[in-house]
1. Taking the stated definitions as given, is Ala110 touching a strand residue (DSSP E or B) at 6+ places or on another chain (Cβ under 8 Å) and at pLDDT 90 or above?
2. If you take the residues of region 87-107 that are out of contact with any strand residue (DSSP E or B) (no Cβ under 7 Å at 6 or more places or on another chain) and in a loop (DSSP other than H, G, I, E, B), which of them is most open to solvent (accessible area, probe 1.4 Å)?
3. Out of region 113-140, which residues are more than 14 Å from Ala63 (Cβ to Cβ), at pLDDT below 85 and not small (Gly, Ala, Ser)?
4. Taking the condition of being under 13 Å from the mean Cα position of the chain (by Cα) and crowded, with 16+ Cβ neighbours inside 10 Å, how many residues in region 114-128 meet it?
5. Just give me the residues in region 32-72 being among the hydrophobic types (A, V, I, L, M, F, W, C), surrounded by 11 or more Cβ atoms within 10 Å (Cβ to Cβ) and part of a loop (DSSP other than H, G, I, E, B), in sequence order.
6. Taking the stated definitions as given, is Lys75 at pLDDT below 90 and loosely packed, with under 15 Cβ neighbours inside 10 Å?
7. Return the residues of region 97-123 that are touching a Cys at 6+ places or on another chain (Cβ under 6 Å) and under 16 Å from Glu69 (Cβ atoms); say none if nothing qualifies.
8. Of (1) modelled with pLDDT under 85; (2) in a strand (DSSP E or B), Val25 satisfies all except one. Which?
Amino acid sequence: AWKNDYGCHHSKFFIKGEEDSLKVVIHTANIIPCDLRNKTQGMWVQDFPVKTPGQGSCDFEDALVKYVETLQAHKGGATRSWDASHGSAFRDGDRLTLAAALRRFDFSGARGKLVASAPGYHYGPDLRAFGMNRVATLLA
């Protein structure tokens with residue numbers, strides 16, 4: 001069977017750790033001069049605080065972590081670790097997977113639902129995790 005290891009997927013998001021929060025930026029722009037100068041772009045930005053002890057996860061968090069883990073499973077070179085040298089969510093010197101670092105923040109106040117488009121073929125429990133199938137699940 002034909003296997004597409006690379007595809008044409010490219011993420012359009014940033015995450016930035018702050019002292020006591022995580023900033024998530026999801027945008028439409030290709031970060032190249034002609035797109036930034038000549039095309040209309042959109043951006044969604046929200047800050048998320050550090051979780052309180054014992055706090056569970058939420059849909060936004062689970063969707064973001066699943067997306068990051070899916071990117072890491074492919075050959076796109078997605079960041080695999082978080083050097084947590086500062087911030088109240090981490091002890092000095094923590095070296096975590098990116099997914100584990102994201103789990104330290106409270107996404108329950110997200111002002112939207114995350115619908116990621118992820119590379120690969122999705123079956124079983126992942127069938128409704130991404131793209132149009134995720135939209136259908138959220139609207140059902």
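The values are calculated or read from the model by the stated rules, or taken from the named source; none is laboratory data. Note that the structure is a prediction, hence the values are computed from the model and not measured. Cβ coordinates were reconstructed from backbone atoms using ideal geometry, including for glycine residues, and neighbour counts include every protein chain displayed. Keep in mind that these areas ignore ligands, DNA and RNA; they rest on the heavy atoms of the full protein, side chains included. Shrake-Rupley method; radii C 1.70, N 1.55, O 1.52, S 1.80 Å.
1. yes
2. Looking at residues that are out of contact with any strand residue (DSSP E or B) (no Cβ under 7 Å at 6 or more places or on another chain) and in a loop (DSSP other than H, G, I, E, B), I get Arg91.
3. If the condition is that a residue be more than 14 Å from Ala63 (Cβ to Cβ), at pLDDT below 85 and not small (Gly, Ala, Ser), then Pro119, Tyr121 are the ones that fit.
4. Let us first name the residues in region 114-128 that are under 13 Å from the mean Cα position of the chain (by Cα), namely 114-118.
Filter once more, so that each one left must be crowded, with 16+ Cβ neighbours inside 10 Å: 114-116, 118.
Total meeting the criteria: 4.
5. Cys58
6. Here the answer is yes, as Lys75 does meet what is asked.
7. Within region 97-123, just Phe107 meets the criteria.
8. Here Val25 meets the rest and fails (1).
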